[in-house]
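The values are calculated or read from the model by the stated rules, or taken from the named source; none is laboratory data. Quick caveat, the model's predicted, so the values are computed rather than measured. Here the Cβ is made from the backbone with ideal geometry for all residues, glycine too, and neighbour counts use every protein chain on show. Just so you know, the surface numbers come from the protein's heavy atoms only, side chains and all, with ligands and any DNA or RNA stripped out. Shrake-Rupley method; radii C 1.70, N 1.55, O 1.52, S 1.80 Å.
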Amino acid sequence: MPTLHIANGRVLHPDHSVTESDVLVDQSTGTIESVADPDPDPDTDPAETLDAEGGLVIPGLINAHGHAAMALLRGYADDKPLDAWLQEDIWPAEGELTAEDIRIGTELAAVEMIRTGTTGFADMYFEEPHVAGVVEASGLRAMLGHGFVSVGKDPEDARADMEKSVNFADQYDNLGGGRISTAVMPHSLTTVNEELLCDAVERAREVDVPVHIHANETTDEVDPIVDERGVRPLEYAEEIGLLEDGDFLAHCVHVDDEEIERLADSEATAVHCPASNAKLASGIAPVQAMLDAGITVGLGTDGAASNNDLDMFDEIRDAAMLGKLGAEDAAAVPASAAVRMATEGSAAALGFDAGRVEAGATADLAVVDLDAAHLTPEHDLVSHLAYAASGQDVRHTVCDGQVLMEDQEIQTMDAEAVKERAEEQAADLVERVA
């Protein structure tokens, strides 16, 4: 069997201990064969070796909520609250998006994610067959879905949009050698009417895929539901059939104690997006309270238009820092919890058998180069991952046992050509919007 040998480094184990270990990967199955002392079986003849000397092998980071093609809108509209930002800038720009825009924007996002040690991501956007093509070519792992709304649309168009989401989820699930999974993705509880929400959830169950939705991102997503229905958003979500096994909710900023308990009692997960929530002044999610309640919490960047990067190391740091502010407790969301959110938590949210470096797990890995002033001295490497490391410290990126980046050179994409195309396409998009 073809074997990848990640040699001479240290490994971050699931209990967050660190040892000098080699990692052997069965490339035919894309899984980790063993994590052992640096003395590989002499009978093993690896097809490929990655040198991890001076580095730390960690699980590939997983970006559990985002809109990849919005990389084309990075820096396009800043310093506004969510509603104004959407209505004045983002929605008009999205109205001009073409399939080519989305393909090229997703390529740019893929380059950035591979470069910064992200091996898997969730995407809620448009023209998702083109996104799937980028995922397949880049070697990344992804949970994809067509996002749909009913606001501003006539009933026939809104229903067609919902059907598009269901049909994509049904047709593309488990493609790309199993690296592509899908979900039905209504935008939010306030941008999709109740009839379509109920139908979308029912259809998702029929085709056996989860549902992904924005929830409680701002008070403007909470107050209308409370005013019109007399219940909190997550009670409404449960009434229409959400919060089932596999469902995952983005943001969950404005959840109260009862909603935290409701989410904890369900089989759904939450995805925290601290940088986007901070930039749009949406609020600080009660992450420590959710963790204390036993909720599985993943981590996501949201789109690059509201972040403005896809570096999950930044997101880990923001999650830890803002978690302390929100709880008014320096011990809240410690380094280990923040790192777990970006690995095991996000993997659980998306249903990936990844997020940990151990035999049998999917071989989605990154090697962080520790030879930098900002990672010296090495008192606590988990602390460094949360508070000091950057995506620019990543040396190698591996997904499904295949090397996507070696010695900071992306192997599956022409990064310079992608950046050039994205620059041109973004300029053209802005001209169309004007």
Restricting to the stretch 100-124, count the residues that are open to solvent by less than 10 Å² (accessible area, probe 1.4 Å) and not hydrophobic (A, V, I, L, M, F, W, C).
9
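Looking only at the stretch 39-61, which residues are modelled with pLDDT of 80 or more and either surrounded by fewer than 18 Cβ atoms within 10 Å (Cβ to Cβ) or over 19 Å from Thr343 (Cα atoms) (or both)?
The initial filter retains those residues of the stretch 39-61 that are modelled with pLDDT of 80 or more, namely 48-61.
Once the filter is applied, which keeps residues that are modelled with pLDDT of 80 or more and either surrounded by fewer than 18 Cβ atoms within 10 Å (Cβ to Cβ) or over 19 Å from Thr343 (Cα atoms) (or both), the stretch 39-61 yields Glu48, Thr49, Leu50, Asp51, Ala52, Glu53, Gly54.
Restricting attention to the stretch 11-25, which residues are part of a strand (DSSP E or B) and over 19 Å from Ala335 (Cα atoms)?
As a first pass, look at the stretch 11-25 and keep what is part of a strand (DSSP E or B): 11-12, 18-20, 22-25.
Listed by number, the residues that qualify are Glu20, Asp22, Val23, Leu24, Val25.
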Among the residues of the stretch 218-229, is any in contact with a strand residue (DSSP E or B) (Cβ under 7 Å, 6 or more places away or on another chain) and open to solvent by less than 10 Å² (accessible area, probe 1.4 Å)?
no
Would you check which residues across the stretch 1-10 are closer than 16 Å to Ala366 by Cα and either open to solvent by less than 40 Å² (accessible area, probe 1.4 Å) or part of a strand (DSSP E or B) (or both) and list them?
Leu4, His5, Ile6, Ala7, Gly9, Arg10
Scanning the stretch 180-194 residue by residue, those open to solvent by less than 30 Å² (accessible area, probe 1.4 Å), without any contact (Cβ under 8 Å) to a residue 60 or more places away in the chain and among the polar types (S, T, N, Q) turn out to be Thr182, Ser188, Thr191
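Rundown of residues vs (1) among the hydroxyl-bearing types (Ser, Thr, Tyr); (2) touching a Pro at 6+ places or on another chain (Cβ under 8 Å); (3) part of a loop (DSSP other than H, G, I, E, B); (4) buried (at least 18 other Cβ atoms within 10 Å of the Cβ), yes/no style:
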residue: Glu378; (1), (2), (3), (4): no, no, yes, no
residue: Leu385; (1), (2), (3), (4): no, no, no, yes
residue: Ala389; (1), (2), (3), (4): no, no, yes, yes
residue: His396; (1), (2), (3), (4): no, no, no, yes
residue: Met405; (1), (2), (3), (4): no, no, no, yes
residue: Met413; (1), (2), (3), (4): no, no, yes, yes
residue: Val418; (1), (2), (3), (4): no, no, no, yes
residue: Glu424; (1), (2), (3), (4): no, no, no, no
residue: Asp428; (1), (2), (3), (4): no, no, no, no
Scope the stretch 357-371; condition open to solvent by 20 Å² or more (accessible area, probe 1.4 Å) and part of a loop (DSSP other than H, G, I, E, B); matching residues
Glu358, Ala359, Gly360, Asp371
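Counting only residues that are of a type in the set (A, V, I, L, M, F, W, C) and in contact with a Lys or Arg (Cβ under 6 Å, 6 or more places away or on another chain), how many does the stretch 364-383 have? Reasoning before the result, please.
The initial filter retains those residues of the stretch 364-383 that are of a type in the set (A, V, I, L, M, F, W, C), namely 365-368, 370, 372-373, 375, 381-382.
Still in the running and in contact with a Lys or Arg (Cβ under 6 Å, 6 or more places away or on another chain): 367.
Qualifying residue count, the stretch 364-383: 1.
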Any residue at all in the stretch 270-279 that's in a loop (DSSP other than H, G, I, E, B), out of contact with any Phe, Trp or Tyr (no Cβ under 7 Å at 6 or more places or on another chain) and open to solvent by 20 Å² or more (accessible area, probe 1.4 Å)?
no
Of the residues in the stretch 61-78 that are under 11 Å from the mean Cα position of the chain (by Cα) and in a loop (DSSP other than H, G, I, E, B), the one that is farthest from Arg103 (Cα to Cα) is Ala64
Name the pairs: first residue in the stretch 71-99 and on the phi > 0 side of the Ramachandran plot, second residue crowded, with 18+ Cβ neighbours inside 10 Å and part of a helix (DSSP H, G or I), Cβ to Cβ under 9 Å, at least 6 apart or on different chains?
Gly75/Ala304; Gly75/Ala305; Asp79/Trp85; Asp79/Lys279
In the stretch 205-217, which residues are in a loop (DSSP other than H, G, I, E, B), out of contact with any Pro (no Cβ under 6 Å at 6 or more places or on another chain) and surrounded by 14 or more Cβ atoms within 10 Å (Cβ to Cβ)?
Val209, Pro210, Glu217
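Here is a yes/no grid of residues against (1) over 22 Å from Ala422 (Cβ atoms); (2) free of Cβ contacts under 8 Å to residues at least 40 places away in the same chain; (3) in contact with a Leu (Cβ under 8 Å, 6 or more places away or on another chain):
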position	(1), (2), (3)
His130	no, yes, no
Ala137	no, no, no
Leu140	no, no, yes
Met143	yes, no, yes
Ser150	yes, no, yes
Asp154	yes, yes, no
Out of all the residues in the stretch 247-266, is one or more of a type in the set (S, T, N, Q) and either open to solvent by less than 10 Å² (accessible area, probe 1.4 Å) or in contact with a helix residue (DSSP H, G or I) (Cβ under 6 Å, 6 or more places away or on another chain) (or both)?
no
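To keep it simple, each residue is scored yes or no on (1) open to solvent by 50 Å² or more (accessible area, probe 1.4 Å); (2) part of a helix (DSSP H, G or I); (3) at negative phi; (4) touching a Pro at 6+ places or on another chain (Cβ under 9 Å).
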position	(1), (2), (3), (4)
Phe168	no, yes, yes, yes
Gly178	no, no, no, no
Leu196	no, yes, yes, yes
Arg203	yes, yes, yes, no
Determine, yes or no, whether Val149 is open to solvent by 10 Å² or more (accessible area, probe 1.4 Å) and at pLDDT 95 or above.
yes
